[in-house]
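Worksheet: one structure, shown below.
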Amino acid sequence: MPTISSIEFNLTTLKTYNETTQAFEDTTLTGNLYTVEGVTDANNELRKLSMGELVMVVCLARAADKERAVIDIMAEMENTTSALNGLTDIEKALLDGTSLTSITGNWTYNGRTYTTAVDLLGDLDIIHVNRNRQSLVSIAEKLQSSSVFDIYETYSWNGSNRSAYDVLKESGCLEEYISGSVTSTAPKHWQTYFILPHDTEEAYELAQDLIRKGSAELDSDDILTLGAYYNISIVYFEDVTSAEAGYEVESMFYNGSVKSMLQNKINGMPIYDESTTDQIITAIESKMDSLNSFSQQKMIELQSETNKRDQAYDMITNILKSMNTVQVGNANNI
């Protein structure tokens, strides 16, 4: 609620008879003007308000506050309705014999758009989705066009948030050894060459160190390290930055083993818990009952907030009307 201040001003000076002192004394007739924080005039100074204007400011501020509450409740109800529509579609498909993993659509809940029934039911806590698998799927999609060291989002892994690189390590995707002939994706700087047997995780650590050096030229130690790893000649490193070399090492090992390991991990993980179709349908119906009860409660809250908003507008009319009646009465008496 805005802060209200009072300003006293002098209307006139008159003499009144004081019976105690039996003498006429100067008396100052005063009145009040009010200021409200945030209500300013053309000079950006606090505007001096009469009582009537003060009533309007206070009541309109309350009405605006209740209007925001009404909008928030309506948004919650719309969100709940969207969830109910999605659950209805999914339940109908399940009853028609469609497997849960095959059900797709276009549903919105909490500002997110869902295209698979599994994801929507998971976020509604109707089924327990394998979050580890979801993280691997998301990382695999990002790695189609990005380096794992350029992915800055975090991913859920065993209940904790991890970087994409940490997930690859902790999931075992970097455990294989790789050797053989690999074709580079940057022919300007590299050629097809033979890779000595090496631990993939060690290669990723090397790639990370090189990428961190950015645009710096490869130093002699880096060249020797790369030569030891890949048995390649120094000539291939001409005009190559440390970061370019690091990305190239990552690409070689990703295409050589990590990509297939990542897909194997994804394929070997269940999408969600082992709930039967009947159990899922029962859970959906229970959730729908809960959401319907929530909507009824919100409808009551909506009616209450709407009434309070309308009362704020009515209060303006009633108070100003009463003040006008008093003023007219005073004028008639004069």
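The values are calculated or read from the model by the stated rules, or taken from the named source; none is laboratory data. The structure displayed is predicted, hence computed values, not measured ones. Counting neighbours? That spans all protein chains shown, and the Cβs are built from the backbone with ideal geometry, glycine included. Remember, those area values only see protein heavy atoms, side chains included, never the ligands or the DNA or RNA. Shrake-Rupley method; radii C 1.70, N 1.55, O 1.52, S 1.80 Å.
Counting each DSSP H run of 4 or more residues in the chain as -39500 (n - 2.57), what helix-only mean residue ellipticity at 222 nm follows after dividing by all residues, to the nearest 500 deg cm²/dmol?
Calculated at 222 nm, the ellipticity per residue is -18000 deg cm²/dmol.
Along each of the three principal axes of the Cα atoms of the range 65-106, give the extent in whole Å, ordering the values from largest to smallest.
49, 14, 9 Å, listed from the longest principal axis down.
Suppose R0 equals 25 Å; then what is the FRET efficiency for LYS92 and GLN296 from their Cβ-Cβ distance, rounded to the nearest 0.05?
The formula returns an efficiency of 0.60 here.
May I ask for log10 I(q)/I(0) of the range 205-334 at q = 0.10 Å⁻¹, from a Debye sum over the Cα atoms as equal point scatterers with solvent left out?
The calculated log intensity ratios at q = 0.10 Å⁻¹ are -0.68.
How are the alpha carbon pair distances in the range 115-178 distributed across 5 Å bins from zero to the largest one, expressed in percent?
3, 17, 24, 22, 17, 11, 4, 1, 0
Assuming 0.36 nm per residue, please report the length gained on full extension of the stretch ASP289 to THR30 beyond their Cα-Cα distance.
Difference between extended and current length: 86.9 nm.
Averaging over all projection directions, find the projected area of the Cα convex hull of the range 33-106 and quote it in nm² with one decimal place.
One quarter of the hull surface, i.e. the mean projection, equals 8.0 nm².
How big is the shadow of the Cα convex hull of the range 263-318, averaged over all directions, in nm²?
Hull-based average projected area comes out at 7.1 nm².
Carbon and sulfur together cover what percent of the accessible area of the chain at a 1.4 Å probe radius?
Ligands and nucleic acids excluded, carbon and sulfur give 48 percent.
Using only the alpha-carbon atoms, how far is helix 242-253 inclined from the longest principal axis of the chain? Give it as 0 to 90 degrees, nearest 10.
70 degrees
Angle check, please: helix 51-95 long axis (alpha carbons) against the longest principal axis of the chain (alpha carbons), in degrees 0 to 90, nearest 10.
Once rounded, one gets 30 degrees.
Mind putting a number on the dipole of the range 47-109 about its Cα centre? Charges go on the C-beta only, +1 for Lys and Arg and -1 for Asp and Glu, and I need it in Debye to the nearest 20.
Details: 6 positive and 9 negative charges, 103 e Å.
So the dipole magnitude of the range 47-109 works out to roughly 500 debye.
Picking from SER171, ASN110, TYR254, whose Cα lies most toward the positive end of the charge dipole for the chain (charges on Cβ: Lys, Arg +1; Asp, Glu -1)?
ASN110
Take the Cα of THR154, step 7 Å along the line toward its Cβ, and report every residue of the range 95-137 whose backbone nitrogen sits under 16 Å from that point.
132, 135
With every protein chain left in place, what is the accessible area per residue of the chain in square angstrom, probe 1.4 Å?
59 Å²
Can you pick out the pairs among LYS92/LYS259; LYS298/LYS321; LYS92/LYS298; LYS66/LYS321; LYS92/LYS142; LYS213/LYS259 whose Cα atoms lie more than 30 Å from each other?
Numbers: LYS92/LYS259 37 Å; LYS298/LYS321 35 Å; LYS92/LYS298 27 Å; LYS66/LYS321 23 Å; LYS92/LYS142 34 Å; LYS213/LYS259 25 Å.
With Cα atoms farther than 30 Å apart: LYS92/LYS259; LYS298/LYS321; LYS92/LYS142.
Roughly how big is the chain's charge dipole about its Cα centre, with Cβ charges of +1 (Lys, Arg) and -1 (Asp, Glu), in debye to the nearest 20?
That gives the chain a dipole magnitude of about 1160 debye.
When you take every Cα atom in the chain, what is the radius of gyration, and what is Dmax, the widest Cα pair distance, in Å?
36.5, 119
Pull out the extension gain between ARG68 and THR21, defined as 0.36 nm times the separation in residues minus the alpha carbon to alpha carbon distance; nm, one decimal.
Gain on extension, ARG68 to THR21, equals 11.0 nm.
For the chain, find the longest principal axis of its Cα atoms and tell me its angle to the long axis of helix 277-333, 0 to 90°, nearest 10.
30 degrees
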